[in-house]
1. Within region 1-26, which residues are of a type in the set (Gly, Ala, Ser) and within 13 Å of the chain's Cα centre (by Cα)?
2. Against the condition within 19 Å of the chain's Cα centre (by Cα) and among the β-branched types (Val, Ile, Thr), how does residue 29 come out, does it pass?
3. Would you pick out the residues in region 8-45 that are within 13 Å of residue 84 (Cα to Cα) and out of contact with any helix residue (DSSP H, G or I) (no Cβ under 7 Å at 6 or more places or on another chain)?
4. Quick one: would you say residue 9 is in contact with a Lys or Arg (Cβ under 7 Å, 6 or more places away or on another chain) and open to solvent by 70 Å² or more (accessible area, probe 1.4 Å)?
Amino acid sequence: MGTSDRAANELVDVIREVIKQELSKTDSTILCQIKAKKDDDHYDVSIVPDDQTLLRNVTNMTKFDLEVGDYVYVYKIKNQLNNCFICYKVTPYSG
């Protein structure tokens, strides 16, 4: 591999790193499933389809009463799992 190829690959790596850093600063939502109810406002949820990752004591900011097995969207502030809340309940289509 020549010097220009190496330089091009290094530039691409720098661009990828910048994009990764910027994405880590933005808010995002993820689909989750309720696994346990802790109290009226807090739930343990798993990220769909990854049942291994369990988020504990996630605050419910919706008006809905949630049950084990319900699907919800969790809002991650600055894309951080430790800074998230339930923002929406997914309701099945009944049309």
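1. First, pick out the residues of region 1-26 that are of a type in the set (Gly, Ala, Ser): 2, 4, 7-8, 24.
Selection gives 24 alone.
2. Working: within 19 Å of the chain's Cα centre (by Cα): yes; among the β-branched types (Val, Ile, Thr): yes.
Considered against the rule, which asks whether it is within 19 Å of the chain's Cα centre (by Cα) and among the β-branched types (Val, Ile, Thr), residue 29 comes out as yes.
3. Our first condition is that a residue be within 13 Å of residue 84 (Cα to Cα); within region 8-45, this holds for 26-32, 42-45.
If the condition is that a residue be within 13 Å of residue 84 (Cα to Cα) and out of contact with any helix residue (DSSP H, G or I) (no Cβ under 7 Å at 6 or more places or on another chain), then 29, 30, 31, 32, 42, 43, 44, 45 are the ones that fit.
4. Numbers: in contact with a Lys or Arg (Cβ under 7 Å, 6 or more places away or on another chain): no; open to solvent by 70 Å² or more (accessible area, probe 1.4 Å): yes.
No, not satisfied.
The values are calculated or read from the model by the stated rules, or taken from the named source; none is laboratory data. Because the structure is predicted, anything quoted here is derived from the model rather than measured. No Cβ is skipped: glycine too gets one built from the backbone with ideal geometry, and neighbour counts run over all protein chains shown. Ligands, DNA and RNA are excluded from the accessible area calculation, which covers all protein heavy atoms including side chains. Shrake-Rupley method; radii C 1.70, N 1.55, O 1.52, S 1.80 Å.
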